[in-house]
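Colleague: The structure that follows is given in the form of structure tokens.
We did not get these values from a lab; they are worked out from the coordinates using the rules stated. Because the structure is a prediction, the values reported are computed rather than measured. Glycine gets a Cβ as well: all are built from the backbone with ideal geometry, and neighbour counts include every protein chain shown.
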């Protein structure tokens, strides 16, 4: 099997693709033949040593994958019936007794997804809805779970609310637009080029703002008739202050991350004015601390995906051997939408 290995913390170009022997499939485990692995900004941070968690070296990057089960451990039972026509929550319940060879699954595993195959506990994989490709399944989990967590757990979107999404043409941004639209919100996509804004419109954004050419605060206030209810900010940097000032009475700034590389200082007087709030969003930490609650959240997301109410984007594909290029393109903001590594 092939695996992308990080031997020293540094730039993506220092990653190696190596051949490894397959480990035996132990009790309670399943082997997944990986057909697609999601490429996320956090993967680049791990490789560069800029993430708050620093795994011991060497390690295999990648946290999201999709593929098919090729082997099950001795004590992992098989499903007794076909689940292809079940609702997403029923599918997940039906899958808990075990798995069969050939089942299409996706999984979030922390590290190790950039490989031809992985071994995981049998409780980890989730069935792929029939209407998703491997690429979509490998790149939707973190983005859609984070967007759903943001808009239904950390705050509650009301129909007709104006939701401003910074970095809207990225994977998380597109997922947030999709979720906000489904929840009945009016959406404003904020991005930095006509190409990115066109994609946001195609994906259902009601309004768009090119922050490289327009004043973000003034334009959002104009579009919303006085100020937005929610800003979703995975970007940070100078746009955060303008977005905070674009909030109306009782508006909420949702802080998801700092893809710009710049952690902004928040003006406390602007939080005080108009009774605004600033809320942190860390779905990953919450999911690890509250696994049952996260399972319920994923049931909700997958039910909406299977029904067609949510529509994950098809990612740009890179070969596994081109993992360094994929991460570099992500860091340099050349990726529009989502990206994945393919192993076929």
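Colleague: What value, in deg cm²/dmol to 500, does the helix sum -39500 (n - 2.57) over DSSP H runs of n ≥ 4 give at 222 nm once divided by the residues of the chain? Present the calculation step by step, with values, prior to reporting the outcome.
Modeller: Details: 11 runs with 107 residues, N = 344.
Using -39500 (n - 2.57) per qualifying helix, the result is -9000 deg cm²/dmol.
Colleague: Between residue 156 and residue 202, what is the label-point separation in nm under the 7 Å Cα-to-beta-carbon projection?
Modeller: Here the modelled spin labels are 3.7 nm apart.
Colleague: Oh, and also: Order 43-54, 282-293 from most to least packed using the mean count of other Cβ atoms within 10 Å.
Modeller: Going by the mean number of other Cβ atoms within 10 Å, highest first, we get 43-54, 282-293.
Colleague: Please give the contour-minus-distance gain from residue 100 to residue 53: 0.36 nm per residue of separation, less the Cα-Cα distance, rounded to one decimal in nm.
Modeller: Net length gain for the segment: 13.5 nm.
Colleague: Does anyone have the angle between helix 291-307 and the longest principal axis of the chain? Alpha-carbon axes, 0 to 90°, nearest 10?
Modeller: 80
Colleague: So for each of 55-63, 12-20 I average, over its residues, the number of other beta carbons within 10 Å; can you give me the resulting order with the highest mean first? Provide the component values of the computation, followed by the final result.
Modeller: Working: 55-63: 17.9, 12-20: 14.1.
Taking the mean over residues of other Cβ atoms within 10 Å, the ranking is 55-63, 12-20.
Colleague: Just to confirm my numbers, what's the Cα centroid distance between region 271-298 and region 1-74 in Å?
Modeller: Value for the Cα centre distance between the two parts: 27 Å.
Colleague: While we're here: Given that compact globular proteins tend to follow 2.2 N^0.38 Å, what is the ratio of the alpha-carbon Rg of region 142-283 to that value? Please report the intermediate quantities before stating the final value.
Modeller: Working: Rg = 13.2 Å, N = 142, 2.2 N^0.38 = 14.5 Å.
The value comes to 0.91.
Colleague: Once the piece of chain linking residue 268 and residue 210 is laid out straight, how much longer is it, given 0.36 nm per residue of separation minus the C-alpha distance between them? Mind showing how you got there, number by number?
Modeller: Numbers: separation 58, 0.36 × 58 = 20.88 nm, distance 2.62 nm.
Extra length from residue 268 to residue 210 when fully extended: 18.3 nm.
Colleague: Related question: Using mean Cβ contacts within 10 Å as the protection proxy, how do 158-164, 177-183 order, highest first?
Modeller: Details: 158-164: 19.0, 177-183: 23.3.
By packing density, highest mean first, the sequence is 177-183, 158-164.
Colleague: Please compute, over every Cα-Cα pair in the chain, the percentage with a separation greater than 24 angstrom.
Modeller: Of the Cα pairs, 55 percent sit more than 24 Å apart.
Colleague: Given labels modelled 7 Å from the Cα in the Cβ direction, how far is it in nm from residue 13 to residue 282?
Modeller: That separation, rounded to one decimal, is 3.4 nm.
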